Every structure is written in C-alpha cells, then in structure tokens.
1. For residues that are among the polar types (S, T, N, Q), in contact with a Gly (Cβ under 9 Å, 6 or more places away or on another chain) and in a strand (DSSP E or B), scanning just segment 212-255, find the one that is surrounded by the fewest Cβ atoms within 10 Å (Cβ to Cβ).
2. I'd like the full set of residues that are at pLDDT below 95, of a type in the set (D, E, K, R) and either in a loop (DSSP other than H, G, I, E, B) or not assigned by TED's automatic domain parsing to the domain that holds Leu341 (or both), limited to segment 403-443.
3. Given Ala68, Ala54, which one is surrounded by fewer than 22 Cβ atoms within 10 Å (Cβ to Cβ), closer than 27 Å to Ala158 by Cβ, in contact with a helix residue (DSSP H, G or I) (Cβ under 8 Å, 6 or more places away or on another chain) and in contact (Cβ under 8 Å) with a residue 12 or more places away in the chain?
4. If you go through segment 392-402 one residue at a time, how many are closer than 23 Å to Leu441 by Cα and outside any helix (DSSP H, G or I)?
5. Out of Ser201, Ser167, which single residue is small (Gly, Ala, Ser), outside the structural domain of Tyr66 (by TED's automatic domain parsing), surrounded by fewer than 23 Cβ atoms within 10 Å (Cβ to Cβ) and free of Cβ contacts under 8 Å to residues at least 60 places away in the same chain?
6. Restricting segment 142-171 to residues that are over 28 Å from Asp181 (Cβ atoms) and small (Gly, Ala, Ser), which is farthest from the chain's Cα centre (by Cα)?
Amino acid sequence: MKVHFIGVGGISMSGLAVICLNLGYSVSGSDSISSHMTEKLEKMGAKIYIGQSASNIDPSYDLVVYTAAIGSKNEELVESRNMNIHTIDRAEFLGSLMKKYKNSIAVSGTHGKTSTTSMVSTIYNYCEKDPTILVGGNLPGISGNVKIGNSNYFITEACEYVDSFLSFYPKYEIILNIEADHLDYFKDIDHIIASFEKFASNTKPEGKIIANGDDLSVRKALQGFNNVMYFGINPDNDFIISEIDLHNDFSSFCINSEKSTLGRFKIQTHGIHNIMNSAAAILCAYMDNLDLEQIREGIYSYTGVGRRFEYKGEKNGIKVYDDYAHHPSEIKATLSAAKPLLKKRLFAIFQPHTYSRTHLLLEEFANSFSECDYIIISDIYASREHDTGLVHSSDLVEKIKMHRDNVYYIGNFDDISKFLLANLNCDDIVLTMGAGNINNLADKLISLL
C-alpha cells in the first residue's frame, strides 16, 4: 500500500509515517521545510519532498493523509482529489489505526495532553506492556515521538481541535481539563463542552473515563455518564489527591479513595499541574489492573518530555528553560512551577501562537505573568493563519503594562538575545514559552551565554 502524507514533518504526522513504514507500507510525504523529522523519515526509507506541489502526487498512491492545518486549496490535496485518490485527515487515519488495538488509551484536555501521554507511556513501558505510542513531543524513554510496540496496547493524545478526537474510540479515556481555546473553530465554551461529551460517548462499552473532577466544565460534559472515575484535590472525587509536598528536586503526594489506599507517589517534575497529570496517568494504569508498585516506580522514572518545562542548560550561573505553554492557564501553571527554583529574577519570553487566540484571549494573557520580573513578548507565530491586522504583540504588551512594569515588545530573536545578554545576572532564570519556534531562541541563548 502506498501512503502519502501532506505535512509529514509535523510531530503527529511523522509518527504516523513511522508506524506505516513499520507496517510495511510504501511511504512518501511533503513539507514546506527540511527538518530532523523529514531527514529521519528519509533514512527509514520514505520518499520526502521539500515544498508542496501537485507534481508530488503520483496516481499510484492508494491513500493521501493531510492535517487540519492543510487548506482545501493545497495543491497536493486538490491534485489527489482530481486523480480520485482516497484522501483522509490525520485524525480519521489515526482512529482507524487505533481500531487494530484491543487496549487503546487516549489522553485529552485543553492542557497537559503531551505530558500525561508521556507519563502513561512511561508507566506502561516500565510495566513491560510494550505499547505502541504516539506522543506530541520527544520522549527520552522512547528516543522520539513514536514507539512501535508488540502488544495490543496503543497510547496516544486526543486533540479536540476541529473535533479531531471524535474519530477515536478508545478503551480508556483521560480528560484532564476543559477551557476556552481554539476559538477559531469552536463558538464558545459550551461548544467545547459538547464536543468533549461526544468524545466521552466514544469510549468502548467495557472501558473507563478517568476525569479531573475539580474542573466544573469536565463535570458538566460528563454528567449522565456512569463509566467515569473522578480524581482531584476536592473531597467529592472518587480518588482524592492529598498531602502534597513540593520540593526543588521532586514532588510527592498521596492518592486514596473510600475503598482503596494507593499510598504516596513521587515524581521528578514540577508544579501542581504535573501532580494532576501524573495522578491521571497513575489511575489509568490502576484501572487497567497494572501492578501498583510497578506503577509507583514507573511514574518516578518519568523525567519529562521535550518542550514541557525542559531544562536547556546553565551558563555563567544563568539557567534556561523552555516550555510549550501557549494558553493563559498553561502560562500560569508553568510560571508557578518555576517559582520554587528561583534564586533571583525570572525573565519570561513569550511568543504568542496564532492571531485568533491572541485576540480572543488578550485579557487572559495579560493577567498571566504575575510571577515574572521581566516579560518580553515577541512577534506572533502565525501557524495556520494569516495576519489581517486584527491584533499585534504590542497590543498584549500595552495590556500587561496596565498591571505592571518591566514588560517589552521585542519582535525578533536576535534583538531579544541582545536584551537578555545586557540584562541577565548570575542566578537569574530565563523561560521561553510558546507553541511556535521560540525553542530556537532558548538553544541560541545557551550558546551566546
């Protein structure tokens, strides 16, 4: 079978391409730029085109897979349909792959999907379940974003954007939280809640939903479902997180219910949000009857995933971290996780992601940086959108200035580097944040320091 991927360099698409190569398919793909992902796929035997053109489409292709970011006028997509080649979006293709696995696990939520999927994967690997894994980040334990297992377990993220996750029918669902995001597609929070409700109804009859019961929107989406196990800090949950102890090197907490005492767990990641994420991963494995002591050891062996409060290095006493945070709640959670590590000052560099999100959540973004000493806002990363002049990074800066000082608009990475080099002192922390290419600045800064 010949499968072609439009946008093959993306974190999820490249993972699907790897799975197809391992299934023995003939794989080709295109992307706008060359990357380590496209180079890796070439070495594995895929035919890679840099640049997207109708000439890349061969009439012998059996299937063409595209992402939500690919517009309907994309040359390759149009040519594929003109040739009557079957076309399918990424989520539908992933959903069809998942059907091959008896025990599939899908991790959803506005925030925390990649971290929690990585935690679940680490536990199941530690428990020697040999799962197939597809995660939206580079997980050191599998040396990348995909692992081909040899069992009936499949673990993946389930993204709500354009209702992608409605193509999935997992045995176990994790729902971490529900907040207003992707408002270029969803009308409002009620539309998002309704989408999660549909996703919950896709759970296999013998399956279970592991859900954050502290989140009122999650509760609203799941009212009426009888296959839900709620977890959280509040005492009205089925499993309660308590006795939280935060340290610089690790965090610990207890999980118990009226009937079960799971005991204390230690994790090597920072922040209350990671305690919630790890509790979801632990309880998913526990509901699946994995050995409790192996679960305890497995979650402690998790050391993080790329671009999730990732430690990039230290030079001249200055530490640099990078995080994928691109929503107000994610920014707050990441800054809160950084606070216990501070000796002096925190410099936060934020690259807004998409014009629509920046415009619609401008007030929320402006109130997200209270933990910082210095805030730098770079130019907006357009991603799938075009600049219509509706919003600019300077608009966010002016909003933040209404609450505090020491906030700057500096558009490009070279000028940001110059500002940082002129102002950083020993024991300061630099934190780059955003879902675009801001991580390149973190890497550059380490070399400049």
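1. So in segment 212-255, the residues among the polar types (S, T, N, Q) come out as 212, 217, 223, 226-227, 234, 237, 242, 248, 251-252.
Still in the running and in contact with a Gly (Cβ under 9 Å, 6 or more places away or on another chain): 212, 227, 234, 237, 251.
Subset that is in a strand (DSSP E or B): 212, 251.
Values: Asn212: 24, Ser251: 22.
Per the stated criteria, the residue is Ser251.
2. Arg404, Asp405
3. Details: Ala54 fails: closer than 27 Å to Ala158 by Cβ.
Only one candidate passes the filter, namely Ala68.
4. Of the residues in segment 392-402, the ones closer than 23 Å to Leu441 by Cα are 392-397, 400.
Of the ones still in play, those that are also outside any helix (DSSP H, G or I) are 392.
So the count comes out to 1.
5. On the way: Ser167 fails: free of Cβ contacts under 8 Å to residues at least 60 places away in the same chain.
Answer to the selection: Ser201.
6. In this case the residue turns out to be Ser151.
Here is a yes/no grid of residues against (1) out of contact with any strand residue (DSSP E or B) (no Cβ under 7 Å at 6 or more places or on another chain); (2) within 22 Å of Ile318 (Cα to Cα):
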{"residue": "Phe347", "(1), (2)": "no, yes"}
{"residue": "Leu361", "(1), (2)": "yes, no"}
{"residue": "Glu364", "(1), (2)": "yes, no"}
{"residue": "Lys401", "(1), (2)": "no, no"}
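The values are calculated or read from the model by the stated rules, or taken from the named source; none is laboratory data. Since the structure is predicted, the reported quantities are computational estimates derived from the model, not experimental observations. Counting neighbours? That spans all protein chains shown, and the Cβs are built from the backbone with ideal geometry, glycine included.
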